[in-house]
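Comments concern the structure below.
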Amino acid sequence: MTDAAPQPVFLKDYTPFGFLVDQVELNFHLQPTATRVRAKIAFRPNPAARDRRFFLHGEDLTLISAAIDGSPVTPEITPEGLSCPVPEAPFVWEAEVEIAPAENTALEGLYMSNGMYCTQCEAEGFRKITFYPDRPDVMAPFRVRVDCDLPVLLSNGNPVAQGAGWAEWNDPWPKPSYLFALVAGELVATSDRFTTSEGREVALNVWVRPADQGKADYALDSLIRSMKWDEEVYGRAYDLDVFNIVAVDDFNMGAMENKGLNVFNSRYVLASPETATDRDYENIERIIAHEYFHNWTGDRITCRDWFQLSLKEGLTVFRDSQFSADMRSAAVKRIEDVMTLRARQFREDNGPLAHPVRPESYTEINNFYTATVYEKGAEVIGMLRRLVGPEGYARALDLYFARHDGQACTIEDWLQVFEEATGRDLTQFKRWYSQAGTPRVKVTEDFKDGTYTLHLEQKTPPTPGQGEKQPQVIPLALGLLSPNGDEVLPTTVIELTEARQDAVFEGLGAKPVPSLLRGFSAPVILERDSAPEERAFLLAHDTDPFNKWEAGRSLAREVLIAMVTEDAAPAPAWLDALAAVVRHEALDPAFRALALRLPGEDELAEALAERGTVPDPLAIHAARERAKTAVARHLDPLWPGLYAQMDCPGPYSPGAADAGRRALRLAALGYMARLDGGARAQAHFAAADNMTDEIGALSVLLETGGADEALDRFARRWGHDRLVMDKWFGLQATLAAPERAVAVTRALTEHPQFTWKNPNRFRAVIGGFSANAAGFHDASGAGYDLVADWLIRLDAVNPQTAARMSTAFETWARYDAGRREKAQAALERIAAREGLSRDMGEMVDRLLAAGRIAA
Ligand SMILES: [Zn+2]
């Protein structure tokens, strides 16, 4: 690193800004390469601040003119912003700048996507639009005028007036600059109206490009259900006369909760049965809800600084998961959430990028939009709710909204309302926000004279920058089953607070079978030796749906690990248990489909590394293939009946019931293809009348071979549809056989439709390949080089997305010396790159530190 290396920012250094903003007026003259932005901002000294230096953030701006109270000034300008002497009294700042949205490939600030203008300001994009105190604790009402010859001109808040080539918007709710948004384009709306519980009539519009007309109905329907749900469950009503959503093709993130004008990655808005899968529909419903819920948890109450990001994200993810659980199957939703948590957050917590839910420092905040801040942050709130109960939670939330509306808050403010509303001391609980790493809970037991004792020990391994950890408050939900399968103790929550603790249960007739961590009541790793027979017993008898699934999953993991390390045959007890679940018609088809999914290659590699075994990606891949074939054979008589039974006749419905049936049917198809050479899958592909079936059958063919013709047909049919083609690109990179994966991916990057500057397409191919564990970790190092080359290339145009994708290298230190050497060389090659972004520089430094930790 050069001595000009960017400096980290620390939580402990927070000070309030020296000025308050009473009003912001912005005037945009949009031109692709010469947009003029005029800002008029009313400042006054902040009585709560001691430091009165007037510094405004600003990056890549050409200052045309500046004035204070009407008199021209010449500020001092640096690459980060400007400073200027100002009066000791309220004053009006005016500035005009020029920017070039068409040249903005980083997709932060104001940029262009397929001829439309749009913005992305979180976290620090607004400083690329005009000079401003671009920090979340500066909140102000905004008034915006847009001049542009495109027909649809949108900004935050309510429309004030419009004419040919201009429009004015006024947002009365004070907001930080990261929630500013502007859109201009040739767009068409799918519209409806909603009357809030407070009697406000709200116009709802989902804006898309004309070619995508007709694909926004589900997004709009999801929005209406979200608005209703937030009124019913949280008592939160919407507060403007209009709610606009816009779909954009080039977008770094999933979506953005700008006040009254949400901007979405088009993949989370556009859907039709022919082009979107069941998973796409589910994601649209979830993300529309998430961004809408931010109106209260994020917009009305925002974060004091970016260290508090989980204040809005953890809470809003928790709220959207409650919503999805209410709309669909709560049990299936919980299982899927935990699978995601383990695959992404546990992996993060266990590697070089581990950090607390509230980080204490960062160099580039874009690098902290992580699974820890989002998903672990949501788990922390779930634990809090479990500890104080639903009524206590509701009281605390009411107090939070009443007390902090219109404020920029901290985690301390959040915990304070829980302490006041419930009388509970949360001092120890707060460690969940400050300690990184996944706690391990080790369980041993004994049984004597009718008394059953669980010995519980908790320990959190060291993480970068954090050695010793203190015990956390862990709500452990458990139940006890008698040997005949009856539940003798229904779900009870034990609070672990000590490093070692016993839980005692008396008056039992026989030694019970414990069902521990029901509903995954805390984001921890449970360590307990148990026999495969016990797991099979829980799979058959547990009343807790999560633990029922978990028993099968952990059994499968043990079987696969034995297959990898001992070359063992798949255990018959596991195959029999699986058959029993599949045959159990009272079980939700979606649940049965999940039970048939084997633990992923990365999960197995992680489990092996936990036990001190260096994982061999190829051996893991091969064992998984053998296991799948064994399941296919063992359950052979069941597949045709299941396949026929799970057919969904009638028109396509994206609801949970039909989606579950399709998932189970496709699982059956996948196993059948291992026995019939893919004949049924070819027929399924040819007959598919919806994208779930079409892409499902194509995946089966890719996994079992013989997909070439189907791939061609798919590309001919869907070549015009970028979102569908993302799937085509992504599947090939992810499912290519290990020995062909690098070549397949390289060929995809040479495809004329590999528009790599589009984040969705880049993620499909390079992200898809990174998820192909055995291919990416190819012993030759060719996978590492391929990804490194593309990260370098993308970093030069879009640092944020490039840096985020560098997490492909998160696990490199767990592999053998040969692979480590090659991964390290690839990372060092990125690090040595001239002109590397701050985003990527920070990520590569942290990733390389993994080797130093291991050494
Ligand atoms: Zn969010």
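For region 369-412, taking the residues that are in contact with a Pro (Cβ under 8 Å, 6 or more places away or on another chain), in a helix (DSSP H, G or I) and open to solvent by 10 Å² or more (accessible area, probe 1.4 Å), the one that is nearest to the ligand (Cβ to nearest atom) is identified as 379. The set of residues in region 423-476 that are farther than 23 Å from residue 503 by Cβ, open to solvent by 20 Å² or more (accessible area, probe 1.4 Å) and touching a helix residue (DSSP H, G or I) at 6+ places or on another chain (Cβ under 7 Å) comprises 430, 464. Just one of the listed residues (536, 607, 630) is open to solvent by less than 40 Å² (accessible area, probe 1.4 Å), within 26 Å of the chain's Cα centre (by Cα) and not basic (Lys, Arg), and it is 607. Among the residues of region 145-182, those that are farther than 25 Å from residue 301 by Cα and surrounded by 15 or more Cβ atoms within 10 Å (Cβ to Cβ) comprise 145, 146, 147, 148, 150, 152, 153, 166, 167, 168.
For region 296-327, a residue qualifies if it is in a loop (DSSP other than H, G, I, E, B) and away from the ligand (no atom under 11 Å from the Cβ), and the qualifying residues are 296, 300, 304, 305.
Taking region 629-688 as the region of interest, none of the helices (runs of 4 or more DSSP H) fully inside it holds 2 or more residues being touching a His at 6+ places or on another chain (Cβ under 7 Å).
Scanning region 716-734 for residues being closer than 15 Å to residue 770 by Cα and open to solvent by less than 20 Å² (accessible area, probe 1.4 Å) gives a total of 3. Number of residues in region 251-277 that are open to solvent by 10 Å² or more (accessible area, probe 1.4 Å), more than 15 Å from the ligand (Cβ to nearest atom) and under 18 Å from the mean Cα position of the chain (by Cα): the value is 1.
Checked against (1) open to solvent by 30 Å² or more (accessible area, probe 1.4 Å); (2) at negative phi, residue 612 passes all but condition (2). Once region 51-67 is narrowed to residues that are farther than 17 Å from residue 135 by Cα and open to solvent by 40 Å² or more (accessible area, probe 1.4 Å), the residue that is nearest to the chain's Cα centre (by Cα) is 60. Scanning region 615-627 for residues that are open to solvent by 30 Å² or more (accessible area, probe 1.4 Å) and assigned to a helix (DSSP H, G or I) yields 618, 619, 621, 622, 624, 625, 626. Taking region 426-463 as the range and being assigned to a loop (DSSP other than H, G, I, E, B), farther than 30 Å from residue 361 by Cβ and out of contact with any Leu (no Cβ under 7 Å at 6 or more places or on another chain) as the test, only 449 passes. In this structure, residue 353 qualifies as more than 15 Å from the ligand (Cβ to nearest atom) and over 25 Å from residue 296 (Cβ atoms).
Residues in region 55-85 that are more than 20 Å from residue 120 (Cβ to Cβ) and out of contact with any strand residue (DSSP E or B) (no Cβ under 6 Å at 6 or more places or on another chain): 70, 71, 72, 74, 77, 78, 79, 84, 85.
The values are calculated or read from the model by the stated rules, or taken from the named source; none is laboratory data. Every value quoted in this text rests on a predicted model; they were computed, and no experiment measured them. Every residue, glycine as well, gets a Cβ built from its backbone with ideal geometry; the counts of neighbours run over all protein chains shown. Heavy atoms of the whole protein, side chains included, go into the accessibility calculation; ligands, DNA and RNA do not. Shrake-Rupley method; radii C 1.70, N 1.55, O 1.52, S 1.80 Å.
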